[in-house]
Amino acid sequence: MGSLITYSGIATKVKAMERWRIKDEQFEEMAALESVPEAVDYLRRFLPYREIFEEAEEKDMHRGSIEQRLNLSQYRDFAKLYKFANLKQRRFLDLYFMHYEISIIKTCLRNAVGHREQRQDLSMFKDFFERHSSIDLILLSQSGSMAEFVGNLKGSPYYSPLNLMLENGKASLPACETALDMLYFRTMWKIKDKYLSKEERRILSQCFGTRMDMLNLEWLCRSKKFYQLSPGEIYAMLIPIQLHLTKAEINKMAEAENLSQLYELIRGSWYGKLDVIRQSEEPDLDHLTFEIIDRIYQMTRRKDPYSIAILNSYLYFKEREIAHIINTIEKIRYGLAAN
């Protein structure tokens, strides 16, 4: 009863926001359109996107501008939920926000490493980040080098690990992005035990633990398929936390001689029990990752509808929707078939 009372208000708010979720058949309709402006007009049918594209003009239809506006919709949803949430729910949202923060940091990092003369305009996110973040978003977006970028993170939790890599001459783009991902998952895994209840920790452990396992399996497959890395190099790139995989299984996978051997080891793991992997001769982990993680988030939401799962699930699937919109618009832009 306590959970029902605590979460009934926020659950009602989430359900109201979910009315504007884009359905599969609507994505199919949008994919069949012939131009990007038509796709943006289609998005204006949905209130969250009508608000952000209301004043968009033809010159704003390039990829960068559209992605920024879509991400702004994501942040606005977060802000609406944060404003509506009670103190306990805000503790979870404060933890979740780190995911958005790292996503923006990665965007700025790619710009800095690429020495792009025209920096990305992140001013539309300024108000949101000033309320929730300690980083100077505008200053970070203007970084012109890796050293300047790391220096502009001073005072944040991201500075120390990246500065150490910079001092050791190991601050490459992939290495920094991996370090940020590891910092995120380690922080979430550690702090959840401090601020969340036993039931909330169980829900987050299922969701984030599965994401970490699948990210590690993806990286293991990529390292064998594209990079031919040594086991030691592979270990250094893996998230050192597992849910359904054991350290012994991870070690065997890292030392597998080829992809076929690695796939056999994956089928012998906990994830091999799942139909989507068991029935695949050569698993496409990039695709199956989302299918498996989607199932976990749906399952936790269905099992505990009046819990932290309703916030965790909504924010996850909102992000998936944004990614689907971006992919659909890019297919239209380049004239790919709707299927």
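The values are calculated or read from the model by the stated rules, or taken from the named source; none is laboratory data. Everything numeric here is computed off the predicted structure, so don't read it as measured data. Heads up, the Cβs are rebuilt from the backbone with ideal geometry, glycines too, and the neighbour counts pull from every protein chain shown.
Summary table
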| read-out | value |
| --- | --- |
| Condition broken by Met30, with the remaining ones in (1) more than 14 Å from Ile325 (Cβ to Cβ); (2) crowded, with 19+ Cβ neighbours inside 10 Å satisfied | (1) |
| Condition check for Arg295: in contact with a Leu (Cβ under 9 Å, 6 or more places away or on another chain), within 29 Å of Met165 (Cβ to Cβ), of a type in the set (Lys, Arg) and in a helix (DSSP H, G or I) | no |
| Flag if Ser269 is surrounded by fewer than 14 Cβ atoms within 10 Å (Cβ to Cβ), more than 30 Å from Ser3 (Cβ to Cβ) and not assigned by TED's automatic domain parsing to the domain that holds Met188 | no |
| Residue list for segment 197-210, restricted to those being buried (at least 19 other Cβ atoms within 10 Å of the Cβ) and at pLDDT below 90 | Glu200 |
| Residues (within 20 Å of Met98 (Cβ to Cβ) and part of a loop (DSSP other than H, G, I, E, B)) located in segment 144-154 | Asn152, Leu153, Lys154 |
| Criterion (outside the structural domain of Ser160 (by TED's automatic domain parsing), surrounded by 17 or more Cβ atoms within 10 Å (Cβ to Cβ) and at pLDDT 85 or above) met by exactly one of Phe78, Phe97 | Phe78 |
| Selection status of Met214, more than 28 Å from Gly114 (Cβ to Cβ), outside the structural domain of Arg295 (by TED's automatic domain parsing) and either under 18 Å from the mean Cα position of the chain (by Cα) or among the charged types (D, E, K, R) (or both) | no |
| Residue in segment 186-199 that is more than 19 Å from Ser65 (Cα to Cα) and part of a loop (DSSP other than H, G, I, E, B) present | yes |
| All positions within segment 87-101 that are more than 11 Å from the chain's Cα centre (by Cα), aliphatic (A, V, I, L, M) and within 17 Å of Leu183 (Cα to Cα) | Leu95 |
| Any hit, segment 77-96, residues being under 26 Å from Tyr334 (Cα atoms) and in contact (Cβ under 8 Å) with a residue 24 or more places away in the chain | no |
| Selection within segment 155-177 - among the aliphatic types (A, V, I, L, M) and in a loop (DSSP other than H, G, I, E, B) | Ala171 |
| Filter pass, Gln261 being of a type outside the set (Asp, Glu), at pLDDT 90 or above and assigned to a loop (DSSP other than H, G, I, E, B) | no |
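Condition check ((1) modelled with pLDDT under 95; (2) in contact with a Phe, Trp or Tyr (Cβ under 6 Å, 6 or more places away or on another chain); (3) within 26 Å of Leu220 (Cα to Cα)) across all residues:
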| position | (1), (2), (3) |
| --- | --- |
| His287 | yes, no, yes |
| Pro305 | yes, no, no |
| Ser313 | no, yes, no |
| Lys318 | no, no, no |
| Glu321 | no, no, no |
| His324 | no, no, yes |
| Glu330 | yes, no, no |
| Tyr334 | yes, no, no |
